[in-house]
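*Asks:* For reference, the structure I am asking about is given below.
Please treat every number below as a calculation from the coordinates, not as lab data. Here the structure is a predicted model, which means the values were calculated and not measured. Neighbour counts are summed over all protein chains in view; Cβ atoms, including those assigned to glycine, are modelled from backbone coordinates with ideal geometry.
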Amino acid sequence: MPDFPRVTAPSTSEIASAVWAHATRTLTEFKGQPRIDLMGEDADFESGTGTRKSYLDAAISSRSSHTAEDVWAVTTRTLTGFTGQPRIDLLGEDADFESGSGTRKARIDRLASIEAHQTPTEGTATFATTDSYPKTVELIDTSGLAIAGKQHLVDGYIDLTNLVDGESITVREYMQIKSGGSFVLYAQETYSGAQSIPLLHVVTKPARYGLKIELYMESAPSADRTFDYQLFVKAVE
């Protein structure tokens, strides 16, 4: 016979039924940090009482009661204590820009001084046999344009393809270098007979008060002659 009588162990289902059937069930000997008693502090917190609830209420009540509308209603709002690279002071460079001064405004003004091309002046100069000679045909006169008085440049082309042997034509350029002054002859060149390279380039010239280019024929041609031209003006608006 054994020293200790054999005891039949209950089944797993019997153990579980016995535990859950007990009216009071308390878990003990937790390892680590268990959650606090659900019937204690947590129950007080959920019901709106308890120590932690009072701590939270105190923290909330210490905050400002101002709303977002209250903040934005303040006329002067100054942000301080920036670290790193904040946006420039709105009362500094930006205010200068809006008032038409400041470094950035000066840079934009310089951009406005860059020359821009006007609509090309182009057409055809005609010398007919029935015209009175000597005859002058004006190709351009910048003193009559809106840019007069402003710095501008003029260059372009004159097509002498229709010039034939026995005939000649003169290109003249005049400059006006004084406000209200007269045009002064700057350069002239006479071309005679058929041209092996008929397209004439009018070299760029700077002007302010006025620049004039004209074609001149001393005597009538043997037949009507036409000369196309295209001139470009680049000016500061």
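*Asks:* Residue by residue through segment 179-187, what is 3J(HN,Hα) from phi via Karplus (6.51 cos²θ - 1.76 cosθ + 1.60, θ = phi - 60°)? Round to whole Hz and write x for glycine and proline.
*Replies:* Once θ is set to phi - 60°, the couplings for segment 179-187 become 4, x, x, 9, 6, 10, 4, 9, 7 Hz.
*Asks:* Arranged from highest to lowest average of other beta-carbon atoms within 10 Å per residue, in what order do the peptides 178-190, 210-222 appear?
*Replies:* 210-222, 178-190
*Asks:* Let me ask something else about it. Distance check, please: which entries in Lys135/Lys205; Lys135/Lys178; Lys178/Lys205; Lys105/Lys205 exceed 23 angstrom between their Cα atoms?
*Replies:* Check vs 23 Å cut-off fails for Lys135/Lys205; Lys135/Lys178; Lys105/Lys205.
*Asks:* Shifting gears a bit: Determine ³J(HN,Hα), in whole Hz, for all residues of segment 193-206 in sequence, where each value follows from phi through the Karplus function 6.51 cos²θ - 1.76 cosθ + 1.60 and θ = phi - 60°; x replaces Gly and Pro.
*Replies:* x, 5, 9, 5, 10, x, 7, 9, 9, 8, 5, 4, 10, x
*Asks:* Right, something else. Packing-wise, with mean Cβ within 10 Å as the measure, how do 191-201, 117-127 rank, highest first?
*Replies:* Ranking the peptides 191-201, 117-127 by packing returns 117-127, 191-201.
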